[in-house]
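The values are calculated or read from the model by the stated rules, or taken from the named source; none is laboratory data. Not measured: the values here are computed from a predicted model. When we count neighbours, we look across all protein chains shown, and the Cβ atoms used for this are built from the backbone with ideal geometry, even at glycine. With ligands, DNA and RNA removed, areas are computed over all heavy atoms of the protein, side chains included. Shrake-Rupley method; radii C 1.70, N 1.55, O 1.52, S 1.80 Å.
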Amino acid sequence: MTELSLLSALSAPAFEAEFAACNRITEPFGLTLSKADRAALLNRREQALRDTGRVEFSGGIFQKLVYAFCDSPYLAQQHYADTLGVLLSLFYAFKSDLEDEMTDNDLLEAMRDIFDHRAQGSLAYLADITLSDLCRLPSHDDCRNARGEEEDTLW
Amino acid sequence: MVNALMQSFTEAERCCLQERLLSLLAARARYATQGDSASLSIEYAQALLDGIVYALQVHLRCHALPVHTLLSQPLPALYDDALCTLQALLERARALYLHACATAPVFANRALHDTLRGIEGFLGRYDYRLFPQDSHCTLDYPLCLPQDAALQGVERILAYLQAFCMENAFLQHFSAETLNKLLNAACPDAQNMIFNLYECAAAQAMGCVIAQGDLRTLTLDSAQRTRLQRLAILDLPALRARMQAASQQCAAQLHLASPDEQLYLQRAADALCFRLHAALRHGTAQHIFL
């Protein structure tokens with residue numbers, strides 16, 4: 001396992017490079033990350049990967065997360081970095097709980113949908129949702145089928 | 001698996017190889033997830049890494065390449081070659097499996113036939129591109145000589161099939177009727193018991209050679225069995241020499257053409273010695289020579 005523990009160190013520069021690109025995307029929405037935010041998010045990512053028993057080989061997910069949430073009406077500059085940190089942790093936790101049955105893009109889409117609608121911007125609500133809730137979007141049939149669930153009646 | 005590989009390198013070389021392996025692992029992870037996931041569970045990533053290392057080790061072994069090739073050549077290209085090597089081994093295993101089925105004894109031993117079915121399933125689902133180290137196949141039917149427990153993946157199945165085919169080649173020198181009679185005498189529930197048919201037939205064949213019984217029908221009369229009891233006067237080294245000589249005589253009389261088959265019989269004779277020596281010390285070898 002020692003070889004794999006090097007992975008977060010190897011992928012950190014790629015993750016760092018994503019920040020610059022992310023700020024360019026989010027500036028029109030009044031959202032930016034400072035250097036201190038970047039360091040905190042980098043630590044948070046490593047901790048989240050450790051906690052969920054996962055490894056990441058390259059950057060990419062942070063940028064996708066920012067893309068997915070940057071135009072949410074519930075994001076504001078004063079808690080932007082903290083919210084991203086929690087979303088990042090939740091993303092890895094869901095990914096792990098779902099045993100990789102959902103693609104990154106589908107999971108982000110589901111998280112964004114719940115965050116904006118049912119959760120109304122509440123991270124605590126998002127953290128408490130069930131895996132079935134995550135798979136309820138119509139485009140997530142594969143995940144629902146893999147989990148052996150019936151067609152949902154709510155949608 | 002990775003740690004064992006690393007032992008051949010200096011500290012600096014290890015760091016370099018580790019980086020090369022992780023870079024290759026990242027590419028394999030992209031292939032495995034089809035780009036759908038940037039992260040993987042540690043267990044899955046470790047299995048992928050073990051697969052990479054296994055493939056490279058098999059390639060080095062098959063082509064007698066030094067382990068430092070892993071540092072001197074571009075790893076992705078070497079890995080592509082390793083996949084070709086694995087594919088070739090898989091094709092060999094498939095061909096050998098067909099041969100094994102065609103030459104398997106007709107004797108209805110459940111473990112033997114279940115094992116052949118299991119190997120067929122394994123060859124169908126074996127994923128040499130992602131997890132070549134996997135050898136999830138129940139090989140219930142025991143071989144006369146134990147396999148190297150360190151073997152993994154297609155190498156394990158290939159080694160099993162090679163030995164199995166050698167055993168079949170030997171058994172084919174006897175009629176189905178002869179084998180049925182012998183095996184039913186050797187084991188009260190020979191169809192359902194897990195035991196090796198070759199070991200039973202080889203022991204009887206060597207007994208026939210020593211006591212001048214009928215090798216073709218593998219039969220010994222009571223006088224010949226009594227003669228075999230005289231082996232009890234031999235100590236273990238002398239008994240081993242006698243059994244080795246018997247295995248060579250047996251190979252000559254049955255016209256075993258392949259040196260591998262002859263060697264296999266010699267090794268089987270050697271393995272039988274300890275059992276035979278213990279049995280003779282306790283007064284009878286009637287469960288070995290039937």
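What percentage of the solvent-accessible surface of the range B:1-66, computed with a 1.4 Å probe over protein heavy atoms, is contributed by carbon and sulfur atoms?
52
Peptide B:26-37: average number of partner chain Cβ atoms within 10 Å per residue?
4
If you take every residue apart from residue B:263 with its C-beta less than 14 Å away from the C-beta of residue B:263, what net charge results, scoring Lys and Arg +1 and Asp and Glu -1?
Value of the local net charge: -3.
Each label point is 7 Å from the Cα along the Cα-to-Cβ direction; what then is the distance between the points at residue B:65 and residue B:230, in nm?
About 6.0 nm, to one decimal.
Peptide B:39-52: average number of partner chain Cβ atoms within 10 Å per residue?
Partner-chain Cβ atoms within 10 Å, mean over residues of B:39-52: 5.
Compute the signed sum of charges (Lys and Arg +1, Asp and Glu -1) over the other residues within less than 14 Å, Cβ to Cβ, of residue B:181.
-1
Please give the contour-minus-distance gain from residue B:127 to residue B:185: 0.36 nm per residue of separation, less the Cα-Cα distance, rounded to one decimal in nm.
Fully extending the segment from residue B:127 to residue B:185 adds 16.6 nm.
Carbon and sulfur: what percent of the range B:180-247's accessible surface (1.4 Å probe)?
Of all accessible area on the range B:180-247, carbon and sulfur atoms account for 54 percent.
Using the crude model of +1 on Lys and Arg Cβ and -1 on Asp and Glu Cβ, and no other charge, please compute the dipole size for the protein assembly as shown relative to its Cα centre, in debye to 20.
About 2140 debye.
Taking only protein heavy atoms and a 1.4 Å probe, what accessible area per residue, in Å², does chain B have with all protein chains in place?
Averaged over the residues of chain B, the accessible area is 47 Å².
Mind checking the full-extension length gain between residue B:3 and residue B:286? Use 0.36 nm per residue of separation minus the Cα-Cα distance, one decimal, nm.
Net length gain for the segment: 97.0 nm.
Chains A and B: buried accessible surface, both sides, probe 1.4 Å, rounded to 100 Å²?
1700
What FRET efficiency would be calculated for the residue pair residue A:72, residue B:30, taking the C-beta separation as r and a Förster radius of 25 Å, to the nearest 0.05?
0.30
Starting from the Cα-Cα distance between residue B:267 and residue B:136, subtract it from 0.36 nm times their residue separation and give me the gain in nm to one decimal.
44.4 nm
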